[in-house]
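The values are calculated or read from the model by the stated rules, or taken from the named source; none is laboratory data. Just so it is clear, the model here is predicted, and its values are computed rather than measured. When we count neighbours, we look across all protein chains shown, and the Cβ atoms used for this are built from the backbone with ideal geometry, even at glycine.
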C-alpha cells in the first residue's frame, strides 16, 4: 500500500502559532486555498481517503475529494494529539501559565504529558493501531490520509522505523508526503522505551 499523508489546511490557531490539539476549529480562507491547490498536485491513482474526525481534517478531505467522489472513512486513531492544559495557548502563554511543565519540556517527554493530555507514547500506540487496521482491511493500493502535524510525524517515524529526526521534521499545513510499503507496519514492534534516549 502507498500512503499519501496530508496535513490539513491552515486554521486560525495555526496562523497564531497556538497549540491546537483536540480543539476543533474550521479552516481559514487560506486553509481552504491550500487544500484547493493541493488537490491539483495529488495523483489520480488514489483509491480511497481516510481522515481524522476533526473538522479541519474533514474540511480538507472534502476539498481534496471534490469531483473525485472517492470513498471516505473517518478513523478516530488519526485525530491530533491532545496536549491538555496547553491547548489553545501560544508557547509564550504556556511558559508563563505553566512554568514547571515548561521547564520539564513536557510535550517532548515519551511517557509524560501536560495534565489532561496524551503522552507521545500514547499517541504512537494509537496511531500504530490505526495503521495496522488500515493495512489489514484496506483493499486500496493508494490511500490518502488527511490528518495533522503531530500525527504525520508519528506515521512517518513508524513506517520508516526511525525516530531520529522526530522533533526536527515537520509537515506544513496543506502539504503532503508519500510513504511506501505500509504493510510492514503489521510486523513492526512499537518502541518499548523512549527512542529519543541516546
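Go through the stretch 59-71 and report how many residues are out of contact with any helix residue (DSSP H, G or I) (no Cβ under 8 Å at 6 or more places or on another chain), in contact (Cβ under 8 Å) with a residue 40 or more places away in the chain and either under 16 Å from residue 31 (Cα atoms) or part of a strand (DSSP E or B) (or both). Steps first, please.
Within the stretch 59-71, the first condition is being out of contact with any helix residue (DSSP H, G or I) (no Cβ under 8 Å at 6 or more places or on another chain), and the residues that meet it are 61-62, 65, 67-71.
This time we only want the ones that are in contact (Cβ under 8 Å) with a residue 40 or more places away in the chain, so: 61, 70.
Then keep just the ones that are either under 16 Å from residue 31 (Cα atoms) or part of a strand (DSSP E or B) (or both); that gives 61.
Selection size over the stretch 59-71: 1.
Given 61, 35, which one is surrounded by 15 or more Cβ atoms within 10 Å (Cβ to Cβ) and either at pLDDT below 95 or under 14 Å from the mean Cα position of the chain (by Cα) (or both)?
None of the others qualify; the one that does is 61.
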Take the conditions in a helix (DSSP H, G or I), under 17 Å from the mean Cα position of the chain (by Cα), touching a residue at least 40 places away in the same chain (Cβ under 8 Å) and surrounded by 12 or more Cβ atoms within 10 Å (Cβ to Cβ) and apply them to residue 157. Does it pass?
no
Among the candidates 55, 3, single out the residue that is modelled with pLDDT of 95 or more and touching a helix residue (DSSP H, G or I) at 6+ places or on another chain (Cβ under 7 Å).
3
Mind listing just one residue for me: the one in the stretch 40-52 that is touching a residue at least 24 places away in the same chain (Cβ under 8 Å) and exposed (fewer than 15 other Cβ atoms within 10 Å of the Cβ) and, of those, nearest to residue 1 (Cα to Cα)?
45
Pick from the stretch 160-169, criterion surrounded by fewer than 19 Cβ atoms within 10 Å (Cβ to Cβ) and more than 14 Å from residue 107 (Cβ to Cβ), ranking: nearest to the chain's Cα centre (by Cα):
169
Of the residues 100, 111, only one is farther than 12 Å from residue 21 by Cα and in contact (Cβ under 8 Å) with a residue 40 or more places away in the chain; which?
111
Report whether or not residue 131 is within 14 Å of the chain's Cα centre (by Cα), assigned to a strand (DSSP E or B) and at pLDDT 95 or above.
no
For the stretch 103-128, give me each residue that is exposed (fewer than 15 other Cβ atoms within 10 Å of the Cβ), in contact with a helix residue (DSSP H, G or I) (Cβ under 6 Å, 6 or more places away or on another chain) and closer than 23 Å to residue 189 by Cα.
111
